[in-house]
Amino acid sequence: MAALLGSGPVTLSNPVAKTRFLVLHDYGMGGSWWWVHARSAREILETFAWTEVVTRQESVTWAEGNKVEEVDIDAPLMPPGLDDLRAERDAQRGLSGFGALADRSIVYVRRHWDGEDDGGPVYLMEVESDGRRTREVELAEDGSGRIRSGPDDWPFNPPVVDFFDPELAGQEITREEFEEQWERAVPASGL
């Protein structure tokens, strides 16, 4: 693209070239994988809900040896699955709280499982930036029983939160609140 500056045309170029990133949507019992050409890992997370950029060498090696679909982040059409994740993110953008917790390495939240607010136990979770739990305290509906658990207690540990989700900001609790409940709770492995 040329722009007229001063006496002659100057060629402007995109200062940030795109790189190929391995992207996973982990839905618990499996996952969907894509190679996404984007300017940064953060751009991918801002564009597609419930995704993570995978850098583990064994996963990258696996993806290079398999037929993982490649897509450009600026393409108007996305492959099935990735299109829905982009639509979900587009619907969130502009809402209060969007991305408020995105730059955190650990977040503590209080929520019902799967975000359902219609009763049932409440979970206090310590969650890393990839959306996966590191520790959890389950509170009974009446607030009485407390059970604490960690990755060794779970058969699998998919992401349970998306750090860009605007609703997540309203579920945040303090580390002190989490730690207090963690200390009071009974280990799940001891039940």
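The values are calculated or read from the model by the stated rules, or taken from the named source; none is laboratory data. None of these values were measured; they are calculated from a predicted model. Quick reminder, even Gly has a Cβ in these numbers, built from the backbone with ideal geometry, and neighbours come from all protein chains shown. Side chains are part of the model used for accessible areas, which takes the heavy atoms of the whole protein and leaves out ligands, DNA and RNA. Shrake-Rupley method; radii C 1.70, N 1.55, O 1.52, S 1.80 Å.
For percent of Cα pairs over 21 Å apart, several values are listed as [x] 55; [y] 59; [z] 51; flag the one computed from this structure.
Label of the calculated value: [y].
Considering only DSSP states other than H, G, I, E and B, which GluC sites (Glu not before Pro) in the stretch 122-186 qualify as loop sites with at most 11 other Cβ atoms within 10 Å?
Working: sites: GLU126, GLU128, GLU136, GLU138, GLU141, GLU167, GLU172, GLU176, GLU177, GLU179, GLU180, GLU183; in loops: GLU141.
Filter output for the stretch 122-186: GLU141.
Would you work out the relative contact order for the chain, in percent, from Cα pairs under 8 angstrom that are 6 or more residues apart? Working shown, then result.
On the way: 320 pairs, mean separation 33.2, N = 191.
Dividing the mean separation by the residue count of the chain yields 17 percent.
Using R₀ = 45 Å, calculate the FRET efficiency as 1/(1 + (r/R₀)^6) where r is the Cβ-Cβ separation of ARG93 and GLU176; round to 0.05. Present the calculation step by step, with values, prior to reporting the outcome.
Working: r = 32 Å, r/R0 = 0.71.
Calculated value: 0.90.
What's the ranking of 44-55, 22-33 by average number of surrounding C-beta atoms within 10 Å, highest first?
Working: 44-55: 20.1, 22-33: 15.9.
So the peptides 44-55, 22-33, ranked by packing, come out 44-55, 22-33.
Within 11 Å, Cβ to Cβ, of THR174, how many net charges do the neighbouring residues add up to if Lys/Arg are +1 and Asp/Glu are -1? Kindly include the intermediate steps, with their values, before the conclusion.
Working: positive: ARG110, ARG175; negative: GLU172, GLU176, GLU177, GLU179, GLU180.
So the environment of THR174 carries a net charge of -3.
How about the stretch 61-120: which GluC sites (Glu not before Pro) there are in a DSSP loop, with at most 11 other Cβ atoms within 10 Å of their Cβ? Display every interim value, and only then the final one.
Values: sites: GLU64, GLU69, GLU70, GLU88, GLU116; in loops: GLU69, GLU116.
Loop-located and lightly packed - GLU116.
Find the accessible area per residue for the chain; the probe is 1.4 Å, ligands and nucleic acids are left out, and the unit is Å².
Values: 11060 Å² over 191 residues.
Per residue, the chain has 58 Å² of solvent-accessible surface.
When Lys and Arg each count +1 and Asp and Glu each count -1, what net charge do the other residues less than 13 Å away from GLU88, Cβ to Cβ, add up to?
Working: positive: ARG86, ARG89, ARG93; negative: GLU46, ASP83, ASP84, ASP90, ASP162, ASP165, GLU167.
Around GLU88, the surrounding residues sum to -4.
Where in the stretch 90-182 are there chymotrypsin sites (Phe, Trp or Tyr not before Pro) that are in a DSSP coil and have at most 16 other Cβ atoms within 10 angstrom of their Cβ?
On the way: sites: PHE98, TYR108, TRP113, TYR123, PHE156, PHE163, PHE164, PHE178, TRP182; in loops: PHE98, PHE156, PHE163, PHE164.
Loop-located and lightly packed - PHE156.
Give me the percent of the accessible area of the stretch 68-188 that comes from carbon and sulfur atoms, probe 1.4 Å, all protein chains in place.
Working: 3050 of 6540 Å².
Percent of accessible area from carbon and sulfur atoms in the stretch 68-188: 47.
Any idea what angle helix 175-184 forms with the longest principal axis of the chain, computed on alpha-carbon atoms, 0 to 90 degrees, nearest 10?
So the helix axis and the longest Cα principal axis differ by about 30 degrees.
Using 7 Å Cα-to-Cβ label points, what is the GLU167/SER40 separation (nm, one decimal)?
2.8 nm
Mind listing the long-range amide H neighbours of ARG132? Cut-off is under 5 Å, sequence gap 5 or more, other chains count too, H placed in the peptide plane at 1.01 Å from N.
VAL160
In whole Hz, what ³J(HN,Hα) sequence does the stretch 53-63 give by Karplus (6.51, -1.76, 1.60; θ = phi - 60°), x for Gly and Pro?
In residue order, the calculated couplings are 8, 9, 10, 4, 4, 5, 6, 5, 4, 4, 5 Hz.
For HIS112, which sequence-distant residues (separation of 5 or more, or a different chain) have an amide H within less than 5 Å of its own amide H, given hydrogens modelled in the peptide plane?
Under 5 Å from the amide H of HIS112 lie the amide H atoms of TYR123, each far enough along the sequence or on another chain.
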